[in-house]
Amino acid sequence: MAKQITAIPFNGTPEQEAKLKEVIAEWKGKEGATMPVLQAAQEIYGYLPIEVQTMVAEGLGRSLEEIYGVSTFYSMFNLEPRGKHLIRVCLGTACYVKGAQNLLDELARVLNVEPGHTTADGKFTLEPTRCLGCCGLAPVIMIDNDVHGRLVPADVREILKKYD
Ligand code: FES
């Protein structure tokens, strides 16, 4: 079965829009406005859907292509909402040689989501990442602030049950 790419509808509030407009007004016409405005927009909304990118583009008088280019180029920007729980799967060398890719594949299969994306129910975001700094426990995943180490793919379902 094809894995799902999330299509959670945008539901920004008028308060969020008002805040974004304030930030845009503060930066409009200034050199290097795009990055700080996008950062602020992500803080306000938690991510940068196309609707928010459009507001930024129109507000700053830039093209949507330009704003989209910046939003997709920098990994700090999320184009999708984050799930309630963030699962980070370490693909650093120590974890990789101990089978981290199999863990990632199993998580993607069990959650029915592509790495880098959020499940359709908004519960989990699955994110491959670099060394998490606890290589002695390889292979390691982190769910929110919890470290789970020395895992095999068969452990994955049990661990996920702990997170509602
Ligand atoms: S390589 Fe995975 S924690 Fe360091």
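Could you tell me the number of lysine pairs in the chain with C-alpha atoms less than 20 Å from each other, where the two lysines are 8 or more residues apart or belong to different chains?
Within the chain, the lysine pair count is 10.
Counting only Cα, what are the radius of gyration and maximum Cα-Cα distance Dmax of the range 1-144, in Å?
17.7, 51
Roughly how tilted is helix 50-60, in degrees to the nearest 10 and between 0 and 90, from the longest Cα axis of the chain?
Tilt of helix 50-60: around 30 degrees.
Tell me the angle of helix 34-45 to the major Cα principal axis of the chain, expressed in degrees between 0 and 90 and rounded to the nearest ten.
So the helix axis and the longest Cα principal axis differ by about 70 degrees.
Counting only C-alpha contacts under 8 Å and six or more residues apart, can you give the relative contact order of the chain as a whole percent?
22 percent
Please report the antiparallel percentage of DSSP beta bridges with both residues in the chain, rounded to the nearest 5.
Beta bridges within the chain, antiparallel portion: roughly 50 percent.
Only Cα pairs under 8 Å and at least 6 apart count here; give the relative contact order of the range 14-73 as a rounded whole percent.
Relative contact order for the range 14-73 comes out at 34 percent.
Please report the orientation-averaged projected area of the range 85-161, defined via the convex hull of its C-alpha atoms, in nm².
Mean orientational projected area (the range 85-161, Cα hull): 4.3 nm².
Can you give the % of DSSP beta bridges in the range 85-161 that are antiparallel, to the nearest 5?
The antiparallel proportion sits near 55 percent.
Relative contact order of the range 85-161, please, whole-number percent, based on alpha carbon pairs below 8 angstrom and at least 6 residues apart.
Once normalised by length, the contact order is 40 percent.
What whole-number distance in Å separates the alpha-carbon centres of the range 54-76 and the range 85-134?
Here the two parts' Cα centres lie 28 Å apart.
Would you please give the residues with an amide H less than 5 Å from that of HIS85, counting only those at least 5 places away or on a separate chain, with H modeled from the backbone geometry?
For HIS85, whose amide H was placed from the backbone, the distant partners under 5 Å are PHE124, THR125.
Any read-out appearing in this document is the output of simple, stated calculations on the displayed coordinates, not a laboratory observation. Quick caveat, the model's predicted, so the values are computed rather than measured.
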